[in-house]
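Worksheet for the structure shown next.
The values are calculated or read from the model by the stated rules, or taken from the named source; none is laboratory data. Given the structure is predicted, the values throughout are model-derived calculations rather than measurements. For neighbour counting, all protein chains shown are included, and Cβ atoms are generated from backbone atoms with ideal geometry for every residue, glycine included.
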Amino acid sequence: MTVNRKILTLDEFTLQQLRQFPSATGELSSLLRDIALAAKRINVEVNKAGLVDILGDAGTINVQGEDVKKLDIYANNQFMGVLQHGISCAGIGSEELDDFVVFDDEVSNNSKYVVQFDPLDGSGNIDVNISIGTIFSVYRRISPLGTPCVKEDFLQAGNRQVAAGYIIYGSSTMYVYATKRGVNGFTLDPAIGEFCLSHPDIKCPPDGKVYSVNHGNFFQYHENIREYINVCQKKTKETGGPYTQRYIGSMVADVHRNLMKGGIFMYPGTTDKPGGKLRLLYECNPFAFIVEVAGGRATDGTRRILDIPPTHLHERTPFFIGSKNMMDELDTYLEKGK
Ligand code: P6P
């Protein structure tokens with residue numbers, strides 16, 4: 001008897017994927033479900049941020065030197081909690097923590113994966129009700145099973161990711177994750193408290209009409225980038241435009257929109273921040289993995305993001321990501337004068 005299930009929950013989907021690989025241990029599926037549980041708990045708090053005293057600064061400064069919002073801490077602790085008490089994760093790296101955390105218990109030391117995450121990206125937007133998000137990246141550890149994970153487990157290039165994903169807390173709450181087999185999106189159904197498959201096999205359109213960049217930094221960008229931005233503004237129907245500029249200061253929301261509808265997101269280096277602002281390990285690598293699996297591209301302006309060898313946990317990189325043909329056109333400007 002075939003069971004007709006029009007709407008698959010995340011649990012059912014991951015188990016369905018697992019059944020296709022009888023030799024799989026189920027650790028990755030379990031890890032993805034653990035992340036979903038933490039996301040559901042965070043979603044409850046995000047949705048009532050204006051109603052309870054969880055809003056506003058926690059009065060502390062994080063390793064990035066930024067005011068830490070109480071939700072940042074709550075979100076960080078939720079992810080650490082589910083991962084530490086699961087069966088799949090040996091340790092974590094987080095935007096909110098100075099160094100990586102080794103769980104160092106018998107089950108964790110025998111777990112195959114380590115996870116990097118930004119628990120609540122765009123948290124500066126919490127107080128003004130703009131969409132925010134969680135970003136995560138999963139690696140198979142390179143240190144021997146049965147021992148505590150080590151720093152090298154967290155400093156692998158992005159092309160070694162096993163899975164990556166994000167949760168966007170917006171008009172609805174969506175959980176999007178990629179493995180090498182594809183990108184799938186799940187929308188939270190509050191009625192049953194489950195993420196349900198709503199966007200199977202997401203593909204990034206090869207072309208788009210949206211460019212996302214902080215124009216306030218325009219005169220701090222390299223001249224080749226300024227030239228490309230001017231080209232975006234001059235696009236006509238005849239040249240694949242007109243383009244629209246959309247930038248809401250929350251990367252998860254900006255990149256999600258461009259992934260779904262086509263577009264390009266840019267956070268270039270500036271004269272103030274030549275190395276860029278965004279973090280390689282837990283912001284750029286996960287999105288680069290997701291967008292590449294969906295057919296798009298991601299670079300630092302010169303190198304493929306996924307090929308950059310990390311040197312430390314919180315390193316920054318210039319970041320360009322989006323529709324393949326838009327990225328290819330951007331490259332023609334970035335290569336000038338090289
Ligand atoms: P700016 C949020 O703080 C964030 O890390 C990303 O989510 C966002 O895209 C970017 O910074 C916005 O930075 O300098 O343009 O305000």
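Observations on the structure shown:
- Qualifying residue in region 169-176 (condition: more than 18 Å from S323 (Cα to Cα), under 16 Å from the mean Cα position of the chain (by Cα) and at pLDDT below 95): yes
Residues are listed down the side, and each one gets a yes or a no for (1) at pLDDT below 95; (2) more than 16 Å from the ligand (Cβ to nearest atom); (3) under 19 Å from the mean Cα position of the chain (by Cα); (4) of a type in the set (F, W, Y):
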| site | (1), (2), (3), (4) |
| --- | --- |
| M260 | no, yes, yes, no |
| G263 | no, no, yes, no |
| G269 | no, no, no, no |
| Y282 | no, no, yes, yes |
| E292 | no, yes, yes, no |
| A298 | no, no, yes, no |
| R304 | no, yes, yes, no |
| N325 | no, yes, no, no |
| L330 | no, yes, no, no |
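- Whichever residue in region 129-169 is within 13 Å of the ligand (Cβ to nearest atom) and outside any strand (DSSP E or B) and, among such residues, is surrounded by the most Cβ atoms within 10 Å (Cβ to Cβ): S131
- Search result, residues across region 108-125 that are farther than 17 Å from L32 by Cα, more than 16 Å from the ligand (Cβ to nearest atom) and part of a helix (DSSP H, G or I): N109
- Comparison of P200, P274, P286 shows that the only residue that is within 16 Å of the ligand (Cβ to nearest atom), under 26 Å from R33 (Cα atoms) and out of contact with any His (no Cβ under 6 Å at 6 or more places or on another chain) is P286.
- Listed by position, the helices (runs of 4 or more DSSP H) contained in region 1-107 that have at least 2 residues being modelled with pLDDT of 95 or more and in contact with a helix residue (DSSP H, G or I) (Cβ under 6 Å, 6 or more places away or on another chain) are 27-47, 70-84.
- Residue in region 307-316 that is over 26 Å from L155 (Cβ atoms), touching a residue at least 24 places away in the same chain (Cβ under 8 Å), in contact with a strand residue (DSSP E or B) (Cβ under 8 Å, 6 or more places away or on another chain) and within 16 Å of the ligand (Cβ to nearest atom) present: no
- Residue within region 220-238 that is of a type in the set (S, T, Y), assigned to a strand (DSSP E or B) and within 14 Å of the ligand (Cβ to nearest atom) present: no
- Meets criteria (crowded, with 23+ Cβ neighbours inside 10 Å and farther than 28 Å from L71 by Cβ) for C204: yes
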